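Novice: Quick one: structure below, then a few questions.
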Amino acid sequence: MRIVVGADHAGFELKQQLAEYIRSLGHFITDVGTDSTAAVDYPDFAVKLAREIIERRSERGVLICGSGVGASVAANKIRGIRAGLCHDSYSAHQGVEHDDMNVLVLGSRVIGVELAKELVRNFIGASFTHEERHQRRLNKVLAIEAANTAASVGEAK
C-alpha cells in the first residue's frame, strides 16, 4: 500500500519513527514533511498530505501534530478526506471499516511510539466493509460534503 505521512514540528519525531515502521511492514512511504522540529503550521502539512491522496499518489495517510486535534480539523476541511483522530486500537480500524477513513491522525504528545505503531497497523490492515448500512452512511457524508463549500486542495495557502 502507498502511505503518505506528514507532521508539524510537534509530530516530526513520531513521523520519522512511524515512516520507518510502515516501511518495515512492506509499504511504500511518501513523506511530505516537516523535516525538522523547527516550528511550522500544521494546516500546511494537512494540505500536502491530502493532495497525495486526492491525486491518488497515496491510498491512505498518517498525519501527526501535538494533540492531533488541529491536524484533524484542517484535514477534514479538504474535499475527499475523511480523517479520524484515533488514540485507541478499535477506532483506528473501525474508522476504516465503517466510515472509509483515509487519514489516521495522531497526537504525538498524547500517545507513545508503541501505541502509535499499533494504531497504524490496525489502520493499514483494515478495509471498508461496503455493508449496506455503512455504505448508506458514507453516502450521506459524501452528500454533505458535496452540498457544502469545503476547501479544495490548493486553495489553502
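Novice: Applying the selection to the stretch 44-93, what residues are closer than 22 Å to Ala126 by Cα and of a type in the set (Val, Ile, Thr)?
Specialist: Ile53, Ile54, Val62, Ile64, Ile81 - these are the residues of the stretch 44-93 that are closer than 22 Å to Ala126 by Cα and of a type in the set (Val, Ile, Thr).
Novice: In the stretch 119-134, which residue that is surrounded by fewer than 14 Cβ atoms within 10 Å (Cβ to Cβ) and out of contact with any Asp or Glu (no Cβ under 8 Å at 6 or more places or on another chain) is farthest from Asp99 (Cα to Cα)?
Specialist: Per the stated criteria, the residue is Gly125.
Novice: Related question: Cβ-Cβ under 6 Å, sequence separation 6+ or interchain: first residue in the stretch 123-139 and in contact (Cβ under 8 Å) with a residue 12 or more places away in the chain, partner aliphatic (A, V, I, L, M). Which pairs?
Specialist: So the pair list comes out as Phe123/Ala92; Phe123/Leu104; Ala126/Val96.
Novice: So which of Gly68, Gly107 ends up being closer than 24 Å to Arg137 by Cβ, crowded, with 19+ Cβ neighbours inside 10 Å, touching a Ser or Thr at 6+ places or on another chain (Cβ under 9 Å) and not aliphatic (A, V, I, L, M)?
Specialist: Answer to the selection: Gly68.
Novice: Restricting the first residue to the stretch 68-81 and requiring it to be closer than 19 Å to Ala116 by Cα, which pairs with a second residue that is of a type in the set (Phe, Trp, Tyr) and part of a helix (DSSP H, G or I) meet a Cβ separation below 9 Å and a spacing of at least six or different chains?
Specialist: Here the result reads Gly70/Tyr42; Ala71/Tyr42; Ala71/Phe45, each pair linking the stretch 68-81 to a residue that is of a type in the set (Phe, Trp, Tyr) and part of a helix (DSSP H, G or I).
Novice: Can you tell me how many residues in the stretch 35-49 are out of contact with any Leu (no Cβ under 9 Å at 6 or more places or on another chain) and closer than 14 Å to Asn76 by Cβ?
Specialist: So the answer is 2.
Novice: Related question: Does Tyr90 satisfy the condition of being surrounded by 18 or more Cβ atoms within 10 Å (Cβ to Cβ), free of Cβ contacts under 8 Å to residues at least 40 places away in the same chain and among the aromatic types (Phe, Trp, Tyr)?
Specialist: no
Novice: Take the residues in the stretch 15-43 that are of a type outside the set (A, V, I, L, M) and touching a residue at least 40 places away in the same chain (Cβ under 8 Å), then tell me which one is surrounded by the fewest Cβ atoms within 10 Å (Cβ to Cβ).
Specialist: Gln17
No value in this document is a laboratory result; all are computed from the given coordinates. Please read all numbers here as calculations on a predicted model, not as lab measurements. All Cβ positions, glycine included, derive from the backbone under ideal geometry; neighbour counts span all protein chains shown.
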